[in-house]
Structures are given as C-alpha cells and as structure tokens.
Amino acid sequence: GISGWLRTRYWGFDARALPLQARVWYPAGNGPFPLVLIVHGNHAMEDFSDPGYGYLGELLASRGIILASVDENFLNSSFSAGVNLFDDRPGLKKENDARGWLLLEHLAQWRDWNADPAHPFHGRVDMERVALIGHSRGGEAVGIAAAFNELARYPDDATLEFDYGFNLRGVIAIAPVDGQYQPREHGTPVNDVNYFTIHGSMDGDVQSFEGVAQYSRVHFRDPAKPRFRASLYVVGANHGQFNTTWENLDTDPLSAWALDLEGIMPAEAQRDIARVYFSAFLEVVLRDRTGYLPIFADARRAAAWLPDTFYISQFADSRQQEIAGFEEDIDPSTLSLEGGRIATHHLTKWHETRINLKWDALETHAAVFAWDSRVHDGPARVDFELPPASPLAATDGRLILSLSEAGVDSLPDDWKDEGTSAESDAAD
C-alpha cells in the first residue's frame, strides 16, 4: 500500500533486503571478548534509537565485553504526515518475530567474521559467550530470538530453515511487551537460557510488567546445570529513560502531555540501575562470576550502588522444584508434584484462576483461597500434602511462597445476610 511505498522510498530498501548494521563498542585489546547485542523497540523511525545505549556500550567495553547496538529503526513507526493519512498507527504490526530473527542474523554475521582469517575481527569474538538485551518490542524480540535459536525451522512456515544454534547464555528484557508474536497462539517458550527482566512503575507506554509473562515461560530442563531467571520492578522508573534518545517520551508527541513527569526518577539514576544490574547479569552468565547472584534475589545486596527507591524482585534457579504451580490440570486439589494433594478446612472460596495484570493477562494461574469467620468458626487451613516418596521431605532447602491479595469477597456467592455486615474478612 501507500504507506509501504513511502517507507521504501524513505529507506531505499524493502523487506527483500534488510540491512545488518549496528553501532559497536569494542574493548581495548585483541580478545577474544564475549559478545552482547542490544536492540531497541518501537519509536519514531526518523529519530534513530540505536545510539541511545551508548552509556551501556562504554561500560561493557570497559569490562571487556563487545556491545553491538543493532539498528532496526526501519521496523519502527513514522513521523511522516503522509503515512499518517493512510495508517492510524504508522508502522509495521506483528513484526516482532522479524525483530528477533534479525538478531540471529546479526549473530551469524559475527560468526562469519570471527571465522574469516581475512577479517579484522578474526578470532577476536568469543562466540561461546553470547547474550542479548532488548528494550520494549526489542524486549520481546530477544525472547523470540532465544526460542528460534533452538529451532531448525521457522514455526509459522517450516519451509524456511534456520541455521543458528548459538551458545546463547543470557537474555535481558527491558520493559518488554509480550504476545505480539505468538506461535500457534501461545507465548514464546524460552528454555535453558538465563533470563532477567526489568520494568518501571512510571512506565507510560507498557503499562503492565509484561516481562513477568516471559519470566514464567522460562524453563530449565537440567537441574544439574546452574541457570537462573529474575525480575525487578522499580518504583519511579519509566519506559524511555533506559534509552538516552527516548528519555521521557513514553508515548507519541500528541498524547505525551498526559504523562506524569513529576514522579519519574532522574534519568541518570535510572540508567545507574541498568548499569548495575545489566553488568552484574553479564558477569554471571558470560564469566561465571556467581558472586553477583545475590542481588537478583534481594536488591538490598546492591544498596550501596543503587538509587534510593523501592525494588520488588523475583528469583528462581534451575535447582528450584515446583510444588504447586496450578498449571498441570483443571483439578484444584492436585499439586504439581505427581501424587501430591491439596486439602483445605473452613474455606469459603477455593478455585484456580488466570492471573490478570493492569493491562492484559499472564498465561499462568494461581489458586484463590478465601475464608470468613461469619461462615466458619474454626480457623481456616490449607495443607499441601507431598507425595509419599517425595525427595523434598528430606531436604533442608527453603520454601518459597508467592502470595497476593485476591481482591474477592470472602463470603460465598450464595451467602444470605442475616443482619451482619457483608464486608470481607480475608482473601488471599
């Protein structure tokens, strides 16, 4: 259509010949150095996004890591009034699988250079130590790239072959979207890759922490191989300040007036959080420096390096065994451990439900337990009964519970008020 014609005229190419180009920060010395690609998300295509991670490029290069900020501006929206006339939201749609695929093509280019004796990068890149970072749509794209990296063929058209199989050690997703690309209408699975996602409470673009959806779909198939996943929710951080080009423009210029800029933390403070967590993550996954791991489970371990605000974290590693995840079947009384059961006493409500965010929903489920002293005099109780031969019963590990207020009335739906107040006592 006309918007595609205008886009091709602007860039000088179309989807048959997409460029592989990036800004590269390279450490002093001959290497070989680990390689990290970072990719931006959607923004006005005329205002290039790839320079906005220079602060990370300088930091990582100083720590002996190559950072390449990938240019995918040609997949972004447009300022062009001409395009606006023909498109209510000028830009490509449902293109995130292409964003992820392009990252793998960039890695393939680096692999070719590293193997070419005539190339200046010959032997200078450690292709066994590779990681990806993505922001916004790029934050979903790095998860897609991790999934495609394991495949021999494109899921939506198996006539298209893949030849990747990189030793991808880690993925960082910055305020990512989730679900723009869904193979067979399911969220993208990520297996055996260390994963970290971060989101700000003042994000004016991606309103919910959608990175926790991908977090829930990261699985470790071999508990003997140490891997981890973590998430961090930062009070006061916004969407754009992780990129120096975007800054406070979390939405389009016409509606940016509605953003609350007063509650946003200073831009450099927000980028300091990125510097601390991203460099620590990469030291763990690329150099096996596990001394940084505790900060992903508890931000207080990094308090001396971080701005003074509230941090909410999640953490799990490959050794963790799920007792009750509420995903395995439609029976609310079963555990994830085969043969385990859930028994309850004096509850007024008990069911499993999908977890909703402020915007959109996760693909994971939770159990809702409610109780009310107006219905039962005895104490409420939930027993998680392990199977008889469970190895967990003999361990001295830690039990981790993830709890939240359910926001439901604790009285049964068919409760008839006989003069007492109908206010809820408790529901979790």
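The values are calculated or read from the model by the stated rules, or taken from the named source; none is laboratory data. Not measured: the values here are computed from a predicted model. Don't worry about glycine lacking a Cβ; one is built from the backbone with ideal geometry, like all the others, and counts go over all protein chains shown. Ligands, DNA and RNA are excluded from the accessible area calculation, which covers all protein heavy atoms including side chains. Shrake-Rupley method; radii C 1.70, N 1.55, O 1.52, S 1.80 Å.
If we only count strands (runs of 3 or more DSSP E) wholly inside region 300-390, which ones have 3 or more residues that are basic (Lys, Arg) and farther than 25 Å from VAL218 by Cβ?
Those strands (runs of 3 or more DSSP E) do not exist here; none qualify.
Does SER333 satisfy the condition of being open to solvent by less than 40 Å² (accessible area, probe 1.4 Å), in contact with a strand residue (DSSP E or B) (Cβ under 8 Å, 6 or more places away or on another chain) and within 23 Å of LEU67 (Cβ to Cβ)? No: the conditions fail for SER333.
Scanning region 242-289 for residues that are farther than 22 Å from TYR55 by Cβ and not small (Gly, Ala, Ser) yields THR251, ASP252, PRO253, LEU254, TRP257, LEU259, ASP260, GLU262, ASP288. Is one or more of the residues making up region 13-34 among the hydroxyl-bearing types (Ser, Thr, Tyr) and open to solvent by less than 40 Å² (accessible area, probe 1.4 Å)? No, the conditions are met nowhere in region 13-34.
Condition first: polar (S, T, N, Q), surrounded by fewer than 18 Cβ atoms within 10 Å (Cβ to Cβ) and closer than 19 Å to VAL193 by Cα. Can you find one or more residues in region 288-309 that meet it? Yes, region 288-309 contains a residue that is polar (S, T, N, Q), surrounded by fewer than 18 Cβ atoms within 10 Å (Cβ to Cβ) and closer than 19 Å to VAL193 by Cα. Restricting attention to region 2-17 and to residues that are among the hydroxyl-bearing types (Ser, Thr, Tyr) and in contact (Cβ under 8 Å) with a residue 24 or more places away in the chain, the residue that is farthest from GLU105 (Cα to Cα) turns out to be SER3.
Restricting to region 378-396, and then to whatever is touching a residue at least 60 places away in the same chain (Cβ under 8 Å) and out of contact with any helix residue (DSSP H, G or I) (no Cβ under 8 Å at 6 or more places or on another chain), can you tell me which residue is least open to solvent (accessible area, probe 1.4 Å)?
Taking the candidates together, the pick is LEU392.
Yes/no per residue for (1) surrounded by fewer than 17 Cβ atoms within 10 Å (Cβ to Cβ); (2) touching a residue at least 60 places away in the same chain (Cβ under 8 Å); (3) in contact with a Leu (Cβ under 7 Å, 6 or more places away or on another chain):
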residue	(1), (2), (3)
LEU261	yes, no, no
GLU283	no, yes, no
ILE312	yes, yes, no
PHE315	no, yes, no
GLU322	yes, no, no
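Just wondering, is there one or more residues in region 110-122 that are of a type in the set (A, V, I, L, M) and in a helix (DSSP H, G or I)? Yes - at least one qualifying residue is present in region 110-122.
Within the set GLY200, GLY138, the sole residue that is closer than 16 Å to TRP101 by Cβ and surrounded by 23 or more Cβ atoms within 10 Å (Cβ to Cβ) turns out to be GLY138.
State whether one or more residues within region 231-238 are touching a residue at least 60 places away in the same chain (Cβ under 8 Å), part of a helix (DSSP H, G or I) and crowded, with 20+ Cβ neighbours inside 10 Å. The answer is no; no qualifying residue exists.
Scanning region 270-281 for residues that are without any contact (Cβ under 8 Å) to a residue 60 or more places away in the chain and crowded, with 17+ Cβ neighbours inside 10 Å yields VAL276, ALA280. In this entry, ARG169 passes the filter for residues that are over 12 Å from the mean Cα position of the chain (by Cα) and more than 17 Å from ARG99 (Cα to Cα).
Candidates VAL177, VAL171: the one that is open to solvent by 10 Å² or more (accessible area, probe 1.4 Å), hydrophobic (A, V, I, L, M, F, W, C) and out of contact with any Gly (no Cβ under 6 Å at 6 or more places or on another chain) is VAL177. Any residue in region 41-60 that is modelled with pLDDT under 95, among the polar types (S, T, N, Q) and either surrounded by 21 or more Cβ atoms within 10 Å (Cβ to Cβ) or more than 22 Å from the chain's Cα centre (by Cα) (or both)? The answer is yes, given that some residue of region 41-60 is modelled with pLDDT under 95, among the polar types (S, T, N, Q) and either surrounded by 21 or more Cβ atoms within 10 Å (Cβ to Cβ) or more than 22 Å from the chain's Cα centre (by Cα) (or both).
Does region 149-157 contain at least one residue that is crowded, with 18+ Cβ neighbours inside 10 Å, of a type outside the set (S, T, N, Q) and not in a loop (DSSP other than H, G, I, E, B)? Scanning region 149-157, I find no residue that is crowded, with 18+ Cβ neighbours inside 10 Å, of a type outside the set (S, T, N, Q) and not in a loop (DSSP other than H, G, I, E, B), so the answer is no.
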